[in-house]
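Below is one structure, written out as structure tokens; the observations come after it.
The values are calculated or read from the model by the stated rules, or taken from the named source; none is laboratory data. Computed from a predicted model, the values in this text were never measured in an experiment. For neighbour counting, all protein chains shown are included, and Cβ atoms are generated from backbone atoms with ideal geometry for every residue, glycine included. The area values use the complete protein model at the heavy-atom level, side chains included, leaving out ligands, DNA and RNA. Shrake-Rupley method; radii C 1.70, N 1.55, O 1.52, S 1.80 Å.
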Amino acid sequence: MTAHAASSFGTKQQKRAFLASLVGTTVEWFDFFIYATAATLVFSTIFFPELGSNVGILASFATLGVAFLARPVGAFVFGHLGDRLGRRTTLITTLTVMGAATGLIGLLPTWDQVGIWAPIMLIALRFLQGVAVGGEWGGAVLMSVENAPKTRERFYGSAPQIASPLALVLATVVMYFVARMPNDQLMSWGWRIPFLAGFVLVLIGLVIRLGVEESSEFTEVKETGTVTKNPIATVLRTMPSRVLAGIGLQASVIVLFYLITTYMLTMATNIHGFTKSDTLMILLIAATIDLFAMVGVGILCDRLSAWTVFVGGVVFTGAFAFPLFALFNTGNMGLMIVAFSAALVLGHATTYAVVSSMTANLFPTEVRYSGVALCSAFSGVAWAAPTPLVAAALVPTDGSQHWWPLAAILVGTAVVSFVAAASMRSHFTSETAADDSDDESRDLRVRVGDPV
């Protein structure tokens, strides 16, 4: 391999960091997504049978929200550890917590066995999943971005983003076959299989992550003695506008994604009469297309302006909001696949592939883990947690077709993301961000005091 090729595609260590970010985050999101799918298809029956169909679905979606409320806890804890101890150690910890919580969900008793204790234990383990994810995403982004060749920053930054549709494909395939089981077997033990697989998958992820060295940029911070004493407090005190911008960047992409992967699948079953297997097949096709689109966008944005591609995706999301729901409302499987695929490729992939590295560009190395983790965690609270619940509350499951408020919400979040991107445009080129980070780092050293 020529020196030019090596510098373009990365050294062995850089590629290993990319792989560790991709595989580890895939394992974490697989665990997360099987819960979302099970909550959609199974949990309202086995954990909330006394609440009735509509309220049971609301309660099941509410347990989804618990994890997003837990994300700030994970962001505070693991953001601090990531900026103090390092990215590698923190990521190993988050993966272990997620794998253990997921496996234990597969061992839970149901309502019929222990009554109210069943959903209580489910919520507790879901909370632990949320804590793990609150620290995972930011660290995975930085492990990849901070080790990336200068010409591949956007693609490397897309590693944990590519992990999302990859995990969704894997989780959907698993849940597709599980959902085809006879209903009595599905409800008694079949739903447990994907969760128990969490014990095995976490071992695979740990083996890969243990083979990765610390982020090169954080290593430099440690060697120069500029580790920040209280990174979370520093970010909140000195960079609140950047945190708000990071939260706003994710508004449209998160709401779009969770409308499709949770709420709309439930409606496909309850309103349009699709079987569980049919709805999972629709999701599988759309997620597979999204996966390849994510890779393409990550590569493209190392050649074009990531900001331009991101804003283009946001504008498409707002413009396609009403057509998306109109096509879904036909109840035609082919049109639904087209609608979901277009929304995920042109609205989701174009924004999600680069929002990771764009968020990292907002913060200097000394506090970057904390800053990115806070943006991700509070984005989950603001956008992901309420989306399925609000959607289920606004549109009843009795066949009503009053879906327009959901399209209006999607348009509104697109406006939020556009404003956030416009407000911080100067940060979203590698050269500008690097210069800004150097200046910010010098300022931090003065504000924080002696390094430790």
Is one or more of the residues making up the stretch 318-326 farther than 20 Å from Thr266 by Cα and crowded, with 18+ Cβ neighbours inside 10 Å? yes
Those residues of the stretch 338-355 which are surrounded by 24 or more Cβ atoms within 10 Å (Cβ to Cβ) and either out of contact with any Asp or Glu (no Cβ under 8 Å at 6 or more places or on another chain) or not in a helix (DSSP H, G or I) (or both), in sequence order: Ala339, Phe340, Ala343, Gly347, Thr350, Thr351, Tyr352, Ala353, Val354, Val355
If we keep just the residues of the stretch 246-267 that are at pLDDT below 95 and polar (S, T, N, Q), which is farthest from the chain's Cα centre (by Cα)? Thr266
List the helices (runs of 4 or more DSSP H) that sit entirely inside the stretch 72-175 and contain at least 1 residues that are open to solvent by less than 10 Å² (accessible area, probe 1.4 Å) and closer than 17 Å to Gly205 by Cβ. 87-105, 117-145
If Thr226 satisfies all but one of (1) surrounded by 15 or more Cβ atoms within 10 Å (Cβ to Cβ); (2) in a helix (DSSP H, G or I); (3) of a type outside the set (A, V, I, L, M), what's the number of the condition it fails? (2)
Among the residues of the stretch 242-263, are any basic (Lys, Arg), out of contact with any helix residue (DSSP H, G or I) (no Cβ under 6 Å at 6 or more places or on another chain) and crowded, with 21+ Cβ neighbours inside 10 Å? yes
Assuming Leu206 fulfils every condition listed in (1) out of contact with any helix residue (DSSP H, G or I) (no Cβ under 7 Å at 6 or more places or on another chain); (2) open to solvent by less than 50 Å² (accessible area, probe 1.4 Å); (3) in a helix (DSSP H, G or I) apart from one, which condition is it? (1)
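Looking only at the stretch 83-106, decide whether some residue is at positive phi and not β-branched (Val, Ile, Thr). Full working, then the answer.
To start, the set of residues in the stretch 83-106 that are at positive phi comprises 86.
Subset that is not β-branched (Val, Ile, Thr): 86.
Yes, that holds for at least one residue.
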If you go through the stretch 308-326 one residue at a time, do you hit one that is within 25 Å of Met424 (Cα to Cα) and over 23 Å from the mean Cα position of the chain (by Cα)? yes
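Residue-by-condition table, conditions (1) among the hydrophobic types (A, V, I, L, M, F, W, C); (2) modelled with pLDDT under 90; (3) in a helix (DSSP H, G or I):
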position	(1), (2), (3)
Ser376	no, no, yes
Thr397	no, yes, no
Val411	yes, no, yes
Val419	yes, no, yes
Ala422	yes, no, yes
Thr432	no, yes, yes
How many residues are surrounded by fewer than 24 Cβ atoms within 10 Å (Cβ to Cβ), among the small types (Gly, Ala, Ser) and either in a helix (DSSP H, G or I) or touching a residue at least 24 places away in the same chain (Cβ under 8 Å) (or both) if we restrict to the stretch 45-69? 5
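Determine if the stretch 163-183 includes at least one residue that is at pLDDT 95 or above, closer than 23 Å to Leu265 by Cβ and out of contact with any Leu (no Cβ under 9 Å at 6 or more places or on another chain). Working first, answer last.
Keep residues of the stretch 163-183 that are at pLDDT 95 or above, which gives none.
Checked against the condition, which is being at pLDDT 95 or above, closer than 23 Å to Leu265 by Cβ and out of contact with any Leu (no Cβ under 9 Å at 6 or more places or on another chain), the stretch 163-183 yields no hits at all.
Please verify whether the stretch 238-245 includes one or more residues that are in a helix (DSSP H, G or I), of a type in the set (Lys, Arg) and over 20 Å from the mean Cα position of the chain (by Cα).
Start the filter on the stretch 238-245 by keeping residues that are in a helix (DSSP H, G or I), which leaves 238, 240-245.
From the residues that got through so far, the ones that are of a type in the set (Lys, Arg) too are 242.
Still in the running and over 20 Å from the mean Cα position of the chain (by Cα): none.
No - not one qualifying residue is present in the stretch 238-245.
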